[in-house]
Amino acid sequence: MPNPSAPANAPSATATIDDSALSRLRSGFQGTLLRPGDPPYESARKVWNGAIDRRPAVIARCTTTADVIRAVSFARERKLPLAVRGGGHNVAGNASCDGGVVIDLSPMKAIRVDQARRTARAEGGVTWGELDRETQKFGLATTGGIVSSTGIAGLTLGGGIGWLGRSYGLASDNLLSVELVTADGQLRTVSATDHADLFWGLRGGGGNFGVATSLEYRLHPVGQVLGGLLIHPFEAGGDLLRRYRDLNAASTGELTCFAVLTSTGEGVPVAVVAVCYNGKPEDGERLLRPLRSFGSPLMD
């Protein structure tokens, strides 16, 4: 059955790569190459957004930077569409493609924390929950995603709004360097002093500059935070949003909060404020009192 989400001129996922070409790619490839019909293919091609239903010709599950270089060169030489998957959380579906090559970084999970320098370097398949777990062992953190299963690479390359944003800026503000495989198959270390123009583009410009095989972040002392959700009936949304507005106007850099009009898993409309206070819990309790004393929340 044709894929309804694919453009009319999308290449077929079953006709773009012959067996001999794939054999040459497989030679020296340390990870796993998946094609349509391979048992893990159907689960491997799925991304977080279930509305995205694309069928790549090959999924290259990379375990090393050398694997990434081989996959990039393979796609370039054959003029194949190329997509890069880190955490697979991209809502627009850019982590997949029809009839091309998906570079899947999810097996690349190495994380190294330098406590003395307050930095961390993590590979492109790491999620924010995984990075937080390692940095918190040292009482350190950086601005990451709002959802723990989001990949570090995609969020950072897009700017990176997170719970610690008002304290420390965006994820991209805390990016120190990137190991990047560019379209010519070269590995470059990119920073404020090396390839500075490319580093400028990476800090929020999106994912089309190369494949980020690892990212280095500045870390900050972060211990216990006060956080969670306040959920109210939808009818209380107007008053809740006004209190949310006033709270943000009066708050300091320790508080990050977001307001959402959404629905529960059962389809019931609700108004939600999500909160993170990065400071002394007693100060946070005092600051949040006007919000938490309002109405009859369904959940606090």
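The values are calculated or read from the model by the stated rules, or taken from the named source; none is laboratory data. Keep in mind that what you see is a predicted model, and the values were worked out from it rather than measured. Neighbour counts are summed over all protein chains in view; Cβ atoms, including those assigned to glycine, are modelled from backbone coordinates with ideal geometry. For accessibility, only protein heavy atoms count, side chains too; no ligands or nucleic acids. Shrake-Rupley method; radii C 1.70, N 1.55, O 1.52, S 1.80 Å.
Net charge around Arg121, counting only other residues with Cβ within less than 12 Å of its Cβ (Lys, Arg = +1; Asp, Glu = -1)?
Every neighbour counted, the sum reads -2.
For the pair Glu266/Arg117, report the inter-label distance in nm, with labels modelled 7 Å from Cα in the Cβ direction.
Rounded to a tenth, the inter-label distance reads 5.2 nm.
Over region 182-300, calculate the relative contact order: mean separation of alpha carbon pairs under 8 Å at least 6 apart, over the residue count, as a percent.
Once normalised by length, the contact order is 29 percent.
Can you bin region 142-300 into rounded, prolate or oblate? Criterion: square roots of the alpha carbon gyration tensor eigenvalues sorted a ≥ b ≥ c, rounded for a/c under 1.5, prolate for a/b above b/c, oblate for the rest.
It is prolate, given that a/c is not under 1.5 and a/b is the larger ratio.
Comparing Gly160, Gly28, Gly124, which has the greatest mean-square fluctuation in the GNM of the chain with Cα pairs linked when under 10 Å apart?
Gly28
Aspartates and glutamates within cross-link reach of Lys109: Cα-Cα under 20 Å, excluding same-chain residues under 8 positions apart?
Hits, sequence-local ones excluded: Asp67, Glu123, Glu130, Asp132, Glu134, Glu179, Glu216.
For Leu298, which sequence-distant residues (separation of 5 or more, or a different chain) have an amide H within less than 5 Å of its own amide H, given hydrogens modelled in the peptide plane?
For Leu298, the qualifying residues are Ile231, His232.
Please compute the per residue accessible area over the chain with all protein chains in place, 1.4 Å probe, rounded to a whole number of Å².
49 Å²
Using helices alone, I'd like the mean residue ellipticity at 222 nm for the chain: each DSSP H run of four-plus residues gives -39500 (n - 2.57), total over residue count, nearest 500.
Result for the chain, helices only: -7000 deg cm²/dmol.
Roughly what % antiparallel, to the nearest 5, for the DSSP beta bridges in the chain?
Bridges in the chain that DSSP calls antiparallel: roughly 85 percent.
Among Trp200, Trp128, Trp163, determine the one that fluctuates most according to a GNM of the chain built with springs between C-alpha atoms less than 10 Å apart.
Top of the fluctuation ranking is Trp200.
Using a 1.4 Å probe on the protein heavy atoms only, what accessible surface does Thr264 show? Give it in Å² to the nearest 10.
50 Å²
Counting Lys +1, Arg +1, Asp -1, Glu -1, what net charge surrounds Ala236 among other residues with beta carbon under 14 Å of its beta carbon?
Net of charged neighbours comes to 0.
Assigning unit charges at the beta carbon (Lys, Arg +1; Asp, Glu -1) and nothing else, what dipole magnitude in debye, to the nearest 20, does the chain show about its Cα centre?
Using only the charged Cβ atoms, the result is roughly 300 debye.
Name the most mobile residue of Cys97, Cys62, Cys257, meaning the one with the largest mean-square fluctuation, in a Gaussian network model of the chain with Cα contacts below 10 Å.
Cys257
If I take all pairs of Cα atoms in the chain, what percentage of them are more than 30 Å from each other?
42 percent
At a 1.4 Å probe radius, carbon and sulfur cover how many percent of the accessible area of region 139-230?
Heavy-atom surface of region 139-230 belonging to carbon and sulfur, 1.4 Å probe: 54 percent.
Using all alpha carbons of region 120-212, what is the percent of pairwise distances in each 5 Å bin, ordered from the shortest bin to the longest?
Values per bin, smallest distances first: 3, 15, 25, 27, 17, 10, 4, 1.
Treating cross-link reach as a plain straight distance, find the lysines whose alpha-carbon is under 20 Å from the alpha-carbon of Lys280, omitting any fewer than eight places away in the same chain.
Qualifying lysines at Cα under 20 Å: Lys137.
Relative to the present Cα-Cα distance, how much length would full extension add between Ile146 and Glu77 at 0.36 nm per residue of separation?
Full extension of this stretch gives 21.0 nm more.
What FRET efficiency comes out for the pair Arg292/Asn94, r = Cβ-Cβ distance, R0 = 35 Å, nearest 0.05?
So the FRET efficiency works out to roughly 0.35.
Using a Förster distance of 30 angstrom, determine the FRET efficiency expected from the C-beta separation of Ala21 and Gln186, and round it to 0.05.
Result of the calculation: an efficiency of 0.85.
Once you sort the root eigenvalues of the Cα gyration tensor of region 180-243 as a ≥ b ≥ c, which label holds: rounded (a/c under 1.5), prolate (a/b larger than b/c) or oblate (the other case)?
prolate
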